[in-house]
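Notes follow the structure.
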Amino acid sequence: MSEEFYRIKRLPPYVIAEVNGMRAEARAAGKDIIDLGMGNPDLPPPPHVIEKLCEVAQKPDAHGYSASSGIPGVRKAQANYYGRRFGVDLDPETEVVMTMGSKEGLASLATAITGPGDVVLAPNPSYPIHTFGFIIAGATIRSVPTTPDENYWRALERAMAFTVPRPSILIVNYPSNPTAETVDLAFYERLVAWAKENKVWILSDLAYSELYYDGNPTVSILQVPGAKDIAVEFTSMSKTFSMAGWRVGFAVGNQRLIAALKRVKSYLDYGAFTPIQAAACAALNGPQDIVEANRTLYQKRRDVLTESFGRAGWHIPSPKASMFAWAPLPPALKDMGSLEFSKQLLTHAEVAVAPGVGYGEEGEGFVRIALVENEQRLRQAARNVRRYLQSMGINSSAA
């Protein structure tokens, strides 16, 4: 009875939880922690979406079990979104399934299509579900770079040449969480051709589809002709409509993968609360001005963050998309490591960030900063960081 459970043995301690625990303790002690660690939107959903939720919740027949794959209306709304936004045609019946956020969708699909003996290619650094969803399912992970340069393609070729058994699934996530890197359609065209040649499924996480900046819209892998032969894509309403706690996401694309996901989900859950699904329809079908407003707001926060932290002595590259900045540690403090640096910032600057090593060993030397505080609080965080850096003997020119 003392032996650890099989799947629990495969999960390391969650590094980010260590910083989260310290943050909770500091707040309990009365400290004003500026939390830039968790990607939890601080903005409300559109009023008409909340109104629809309340309206449908008043109906006596809206409180029973719901279809696990999503009501027909919400699947049609998602298909229409792909048509408007990407010019991609989807069959709501066979190529769309609603998920409890993109995270649950990925985990359920991992359960459906992988098991012991399967090898999955996943980016490093990456959001934890991109690896641990498949580890929990029993598969083995082989890491490939997150940065989409020529080294990425060389890593894919090495993986196919030297991994036994050959990998059968590739995870991609652009805009990337945590690195905020993006790709263009030419990248996906090359990737689809590679996947077909090597008989590899592609699972694309497009959770940050609408948080793009400087007038450069993100692209979908499904825009590539023939991509639906080998790919599914996950999206989320968490960031687009500030509905993170509602847990609304979608998987779309290849019919065989969607069918497998539907079948597993039919055993695991009964689908989201019907009023939430109706509200999701209202969000997808209704006015989209909130999407543009959120995008503009996050872009302003990005600019305030990079400008104010830069003046404080910490240069942070400006992200092209997502709600995160991927920040290298100040050079003078690089040897400290991302976990210790995050602890130091929390203790001495009262600023919480996520240590990069929590996203894989290749994340060491970085921290992830979430744009989830208003501009005033971001400037206050920069002032606190400046004081901390100065206490470490680092001035603007040295950092």
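For the range 242-394, a crude dipole built from +1 on the beta carbon of Lys and Arg and -1 on the beta carbon of Asp and Glu, taken about the Cα centre, is about 220 debye to the nearest 20. Ligands, DNA and RNA left out, the accessible area of the range 271-399 computed with a 1.4 Å probe is 51% carbon and sulfur. The angle separating the long axis of helix 72-86 from the principal Cα axis of greatest extent in the chain is about 60 degrees. Over all other residues within a Cβ to Cβ distance under 14 Å of residue 395, the charged ones net out to +3, with Lys and Arg as +1 and Asp and Glu as -1. Only the Cβ atoms of Lys and Arg (+1) and of Asp and Glu (-1) were treated as charged; on that basis the dipole of the range 174-246 about its Cα centre amounts to roughly 200 debye.
In what sequence, highest mean first, do 25-31, 117-123 appear when ranked by Cβ atoms within 10 angstrom? It would help to have the intermediate numbers written out before the result.
Details: 25-31: 10.9, 117-123: 20.9.
Listed from highest to lowest mean packing, they are 117-123, 25-31.
Structural descriptor for the range 169-306: relative contact order 20 percent, calculated from alpha carbon pairs under 8 angstrom and at least 6 residues apart.
Show that you can apply the helix-only estimate: for the chain, add -39,500 (n - 2.57) for every DSSP H stretch of four or more residues, divide by all residues, and state [θ] at 222 nm to the nearest 500. List each step's numbers first, then the result.
Numbers: 13 runs with 166 residues, N = 399.
Rounded to the nearest 500, the figure is -13000 deg cm²/dmol.
A 1.4 Å probe run over the chain, with the rest of the protein chains in place, finds 43 Å² accessible per residue. Each 5 Å bin from 0 upward holds the following percent of the Cα-Cα pairs of the range 189-282: 3, 12, 18, 19, 20, 15, 9, 4, 1. Within the range 120-235, the ratio Rg/Rh, alpha carbon atoms throughout and Rh by Kirkwood, equals 0.94.
Rounded to the nearest angstrom and ordered from largest down, what semi-axes does the equivalent ellipsoid of the range 64-200 get from its C-alpha gyration tensor (root of 5λ)? Here the semi-axes work out to 27, 19, 14 Å. In summary, the lysines within cross-link reach of residue 31, defined as a Cα separation below 20 angstrom excluding same-chain residues under 8 places away, comprise 343.
Using the C-alpha gyration tensor of the range 63-103, what are the square roots of 5 times its eigenvalues, in whole angstrom, with the largest one first? List each step's numbers first, then the result.
Values: eigenvalues 83, 23, 14 Å².
For the range 63-103, the ellipsoid semi-axes come out as 20, 11, 8 Å.
Taking 22 Å as the straight-line reach from the Cα of residue 320, the lysines in range (excluding those fewer than 8 positions away in the same chain) are 239, 300. The Cβ shell under 11 Å around residue 373 holds other residues with a net charge of 0, Lys and Arg each +1, Asp and Glu each -1. The overall shape of the range 337-397, judged from the alpha-carbon gyration tensor, is oblate: a/c is not under 1.5, and a/b is no greater than b/c.
Using a 1.4 angstrom probe on heavy atoms only, work out the carbon and sulfur share of the accessible area of the range 78-198 in %. Here it works out to 54 percent. D by Stokes-Einstein for the range 206-254, Kirkwood Rh over Cα pairs, 37 °C, 0.692 mPa s: 278 µm²/s. Across every direction, the projection of the convex hull enclosing the Cα atoms of the chain has a mean area of 21.4 nm². Say R0 is 35 Å: what FRET efficiency, to the nearest 0.05, do residue 332 and residue 5 get from their beta-carbon distance? Using R0 = 35 Å, I get an efficiency of 0.20. Per residue, the convex hull around the alpha carbon atoms of the range 242-399 comes to 160 Å³.
Over the chain, calculate the relative contact order: mean separation of alpha carbon pairs under 8 Å at least 6 apart, over the residue count, as a percent. Intermediate values should be presented prior to the final figure.
On the way: 761 pairs, mean separation 96.0, N = 399.
Here the relative contact order equals 24 percent.
Suppose a student asked you for the relative contact order of the range 248-352, using Cα pairs under 8 Å spaced at least 6 residues apart; what percent would you report? Intermediate results must be reported in sequence, preceding the final value.
On the way: 39 pairs, mean separation 12.1, N = 105.
Averaging sequence separation for qualifying contacts and normalising by length gives 12 percent for the range 248-352.
Cβ-Cβ distance of residue 91 and residue 269, R₀ of 22 Å, FRET efficiency by 1/(1 + (r/R0)^6): the value works out to about 0.45.
The values are calculated or read from the model by the stated rules, or taken from the named source; none is laboratory data. Small disclaimer: the values here were computed from a predicted structure and weren't measured. Cβ: placed from backbone, ideal geometry, glycine included. Neighbour counts: every protein chain shown. What goes into the accessible areas is simple: the full protein's heavy atoms, side chains included, and nothing from ligands, DNA or RNA. Shrake-Rupley method; radii C 1.70, N 1.55, O 1.52, S 1.80 Å.
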